[in-house]
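Below is one structure, written out as structure tokens; the observations come after it.
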Amino acid sequence: MPLPRGLPVVDHHCHLSLAGEGVLAARRFRHAGGTHLFLATQNYGPTVPRQLEDYAHQFETTFALADRVRREVGIEVFAVVAPYPIDLVTASAQLGLPRALDLHRAATDLAGRAVQEGKAVAIGEVGRAHFPVAPEVSAAIEAAFTYALAVAREVGCPVVVHSADLDASGYVELSVRAHDARLPAERVVKHYARARVAPEERAGVVPSYLGRKDLIDQVLADPSPWFLETDYLDDPARPGAVLDLATVPRRARWIADRGTAAAERLFVPFVESVEKVYGLRLEAPPRSGA
Ligand SMILES: [Zn+2]
């Protein structure tokens, strides 16, 4: 079965690297039927940023990659930028905790400005380490997260949260944090969600589900908002560490093969949710039949 007319096919979280496949991976995504990518920034160099210029350069690299994909592959790309929360672990050892936290906040301001300038659509990844860290580093990471929520509220954009796996209480806790920052929970996205949590148990926080078949089966009937992602890493040293960038379009076809009713559900992650959380109206470009 072909995909429904007008359906965009959206990977809500991926990374592209200069050392990896880069534009070629985006081309594979398009050939599989993909139309829109949310591209999250990352450290492109071997070291964690130590000064604000390093972050400026990192974000500019993400915007340049997004531009290249738009021009050379012909799909839409939305950039998501922020200093990675785990940078604080390394940076605090090198710079001392106060300076590392100052740098992190300044880089978050930079991300907020990029959103205001229309270069990025969200602040991310922000949040927590997914592994245990020393209590004082953990406190700095929490302070940085609070700051990121405030910046997102100020510039009026969503945050994309990196964290360990969350159960219902984890979603509720995130919602409380957002509420304290006066950021609507609907603007808080838990990325790399690996287990379904029922919509009524998430306190408004939005899951971006990993595009595994079993997970998609469980969430397909859920109301918006929720997303699908690969978290593609484009790291040649870790092939197969995450889902391939062609996965979301392949899954979309796999769902569409079940018939019209199932295929129509794909408008939930790819259109309704993007509009609710980002205020973006996505449309699929005409398909060439390829
Ligand atoms: Zn990521």
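Here are some residues: LEU166, LEU101, LEU174. Which one is at negative phi and part of a loop (DSSP other than H, G, I, E, B)?
Step by step, each of LEU166, LEU101, LEU174 is checked, and only LEU166 is at negative phi and part of a loop (DSSP other than H, G, I, E, B).
Of HIS31, HIS12, HIS36, which residue is within 16 Å of the ligand (Cβ to nearest atom) and either of a type outside the set (Val, Ile, Thr) or under 24 Å from PRO207 (Cβ atoms) (or both)?
Selected residue: HIS12, the only one of HIS31, HIS12, HIS36 that is within 16 Å of the ligand (Cβ to nearest atom) and either of a type outside the set (Val, Ile, Thr) or under 24 Å from PRO207 (Cβ atoms) (or both).
Step by step: first the residues of the stretch 1-25, then only those that are β-branched (Val, Ile, Thr) and crowded, with 16+ Cβ neighbours inside 10 Å, then the one that is nearest to ASP231 (Cα to Cα). Which residue is that?
It comes out as VAL10.
Please pick out the residue among ALA284, ALA241, ALA261 that is in a loop (DSSP other than H, G, I, E, B) and closer than 15 Å to PRO2 by Cα.
Checking each option against the conditions leaves just ALA284.
Among the residues of the stretch 119-139, are any more than 15 Å from ALA40 (Cβ to Cβ), touching a residue at least 24 places away in the same chain (Cβ under 8 Å) and in contact with a Leu (Cβ under 7 Å, 6 or more places away or on another chain)?
yes
Restricted to the stretch 39-74, and to residues that are in contact with a helix residue (DSSP H, G or I) (Cβ under 7 Å, 6 or more places away or on another chain) and of a type in the set (A, V, I, L, M), which residue is nearest to the ligand (Cβ to nearest atom)?
Step by step, filter the stretch 39-74, then rank; the result is LEU39.
This table checks each residue for (1) more than 16 Å from the ligand (Cβ to nearest atom); (2) crowded, with 16+ Cβ neighbours inside 10 Å; (3) touching a residue at least 40 places away in the same chain (Cβ under 8 Å).
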| position | (1), (2), (3) |
| --- | --- |
| LEU174 | yes, yes, no |
| VAL206 | no, yes, yes |
| ALA241 | no, no, no |
| PRO249 | yes, yes, yes |
| ALA261 | yes, no, no |
| VAL268 | yes, yes, yes |
| VAL274 | yes, yes, yes |
| GLU283 | yes, no, yes |
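Would you call VAL151 modelled with pLDDT of 95 or more, surrounded by fewer than 23 Cβ atoms within 10 Å (Cβ to Cβ) and in a helix (DSSP H, G or I)?
Criteria not met by VAL151.
Answer yes or no as to whether THR90 is under 23 Å from VAL189 (Cα atoms), away from the ligand (no atom under 16 Å from the Cβ), polar (S, T, N, Q) and surrounded by 14 or more Cβ atoms within 10 Å (Cβ to Cβ).
Criteria not met by THR90.
The values are calculated or read from the model by the stated rules, or taken from the named source; none is laboratory data. Here the structure is a predicted model, which means the values were calculated and not measured. Note: ideal-geometry Cβ built from the backbone for every residue, glycine included; neighbour counts use all protein chains shown.
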